[in-house]
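Below: the structure, in structure tokens.
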Amino acid sequence: MKQLKLILLISLLTVGLHSCSDSDSETPIDQPQLDATIYTELLDVPYGDADRQKMDIYLPANRDEQTKVIFLIHGGAWTSGQKEDMNEIRDLIQAELPDLAIININYRLASIGNPPFPMQIDDISAAVDFLKANSFEYVVSEDIGLLGTSAGGQLALLWSYAHDVDNDVEMVCSIVGPTNFTDPAYTENNTVNAFALLTLFGIDTSTDYLESISPFHRVSVSSPPTVLFYGGQDELIPTSQGVDLENRLTELGVTHSFTLYPNEGHGWEGEALEDTWTTLKSFIQVHLE
């Protein structure tokens, strides 16, 4: 489990079966089902036309139409990272929550003049739509959870709170993800990189726009159960990002769990890491399995 620390650190800055699916997210109604009695692994399945729009799909043995699906969303400051960064988390879920199906996605990366929003939110929507179009073939439910680290945590929260038009999300997890781009800890602090990075993308930095991409401002009483993990010594994500969202979830009466590790930064190991997995596993068992 110590290697999971690498995921949290990498999140900032193949052997298997390859899918026979084409890039069209529409699956014919008469598409045959895969054998649900055996474990099936489909790697680099395209859910769109762009090179980065690919996902790895892990389908447990003995699944049925009630089998829930958890999406993994890597970090990388919206500009880097890859789905393989989430493989340690994937392995933990497969070992200890073996009844879940897993989808681990890549998404298009931002660059100067090519902002992450709505591009990366659109990619999550496309990936979810692809699952729903193929749920009969894969023999899984359309009920899902989202789990993201760092920038992926922000994307997971934002999509779940503001873009899940069909209310498919049953739980969402953010590990050290930004939540509020209007936070003075960002707007009045030049040493914190996230707000400056957004400015480089050339996006609208008006208050209205920043609120529209901030989970803190998009959460509502109908938002799904949320589990949050943050480090008190994180130099990249101010503590207020987690604390303020936790307070807002409490005000709204949204079921949630919040853990702040006072002495940890943008990633941790040892007892703190074991606690993260224990807490996350229990939350998933209650709200997704």
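Can you list residue pairs whose Cβ atoms sit under 6 Å apart, with the first residue in segment 140-152 being among the charged types (D, E, K, R) and the second being surrounded by fewer than 24 Cβ atoms within 10 Å (Cβ to Cβ)? Count only pairs 6 or more apart in sequence or on different chains.
As it stands, the answer is Glu142/Lys132; Glu142/Ser135; Glu142/Asp168; Asp143/Lys68; Asp143/Glu170, since those pairs meet every condition given.
State all residues of segment 32-66 that are among the hydrophobic types (A, V, I, L, M, F, W, C) and assigned to a loop (DSSP other than H, G, I, E, B); if no residue qualifies, say none.
Leu34, Ala36, Ile38, Ala50, Ala61, listed by residue number.
Scan segment 98-117 and tell me whether some residue there is closer than 30 Å to Ser282 by Cβ and assigned to a helix (DSSP H, G or I).
The answer is no, given that none of the residues of segment 98-117 is closer than 30 Å to Ser282 by Cβ and assigned to a helix (DSSP H, G or I).
Consider Phe283 carefully, then state whether it is open to solvent by 40 Å² or more (accessible area, probe 1.4 Å), at pLDDT 90 or above, among the aromatic types (Phe, Trp, Tyr) and not in a loop (DSSP other than H, G, I, E, B).
It is false that Phe283 is open to solvent by 40 Å² or more (accessible area, probe 1.4 Å), at pLDDT 90 or above, among the aromatic types (Phe, Trp, Tyr) and not in a loop (DSSP other than H, G, I, E, B).
For segment 69-77, check the following and say yes or no: at least one residue is of a type in the set (Phe, Trp, Tyr), within 15 Å of the chain's Cα centre (by Cα) and assigned to a loop (DSSP other than H, G, I, E, B).
Looking for residues that are of a type in the set (Phe, Trp, Tyr), within 15 Å of the chain's Cα centre (by Cα) and assigned to a loop (DSSP other than H, G, I, E, B), one finds none in segment 69-77, hence no.
Looking at segment 216-242 only, could you name the residues that are in a helix (DSSP H, G or I), in contact with a Lys or Arg (Cβ under 9 Å, 6 or more places away or on another chain) and open to solvent by less than 20 Å² (accessible area, probe 1.4 Å)?
None - no residue of segment 216-242 is in a helix (DSSP H, G or I), in contact with a Lys or Arg (Cβ under 9 Å, 6 or more places away or on another chain) and open to solvent by less than 20 Å² (accessible area, probe 1.4 Å), so the list stays empty.
Among helices (runs of 4 or more DSSP H) lying entirely in segment 128-214, which contain 2 or more residues that are at pLDDT 95 or above, surrounded by 17 or more Cβ atoms within 10 Å (Cβ to Cβ) and touching a strand residue (DSSP E or B) at 6+ places or on another chain (Cβ under 8 Å)?
151-158
Does segment 192-201 contain any residue that is under 25 Å from Ala272 (Cβ atoms) and out of contact with any helix residue (DSSP H, G or I) (no Cβ under 8 Å at 6 or more places or on another chain)?
Among the residues of segment 192-201, at least one is under 25 Å from Ala272 (Cβ atoms) and out of contact with any helix residue (DSSP H, G or I) (no Cβ under 8 Å at 6 or more places or on another chain), which makes the answer yes.
Would you mind finding the one in Leu34, Leu92, Leu72, Leu9 that is at pLDDT 95 or above and open to solvent by 30 Å² or more (accessible area, probe 1.4 Å)?
Leu34
Going residue by residue through segment 250-265, is there one that turns out to be open to solvent by 60 Å² or more (accessible area, probe 1.4 Å), over 26 Å from His217 (Cβ atoms) and in a helix (DSSP H, G or I)?
No, there is no match, as no residue in segment 250-265 is open to solvent by 60 Å² or more (accessible area, probe 1.4 Å), over 26 Å from His217 (Cβ atoms) and in a helix (DSSP H, G or I).
List every residue pair whose Cβ atoms sit under 7 Å apart, with the two residues 6 or more apart in sequence or on different chains, where the first one lies in segment 208-231 and is over 26 Å from Thr276 (Cα atoms) and the second, anywhere, is open to solvent by 60 Å² or more (accessible area, probe 1.4 Å) and of a type in the set (Asp, Glu).
As it stands, the answer is none, since no pair meets every condition given.
The values are calculated or read from the model by the stated rules, or taken from the named source; none is laboratory data. Predicted, not measured: the structure shown is a model, and the values here were computed from it. Every residue, glycine as well, gets a Cβ built from its backbone with ideal geometry; the counts of neighbours run over all protein chains shown. Areas reflect the complete protein model, heavy atoms only, side chains present, ligands, DNA and RNA absent. Shrake-Rupley method; radii C 1.70, N 1.55, O 1.52, S 1.80 Å.
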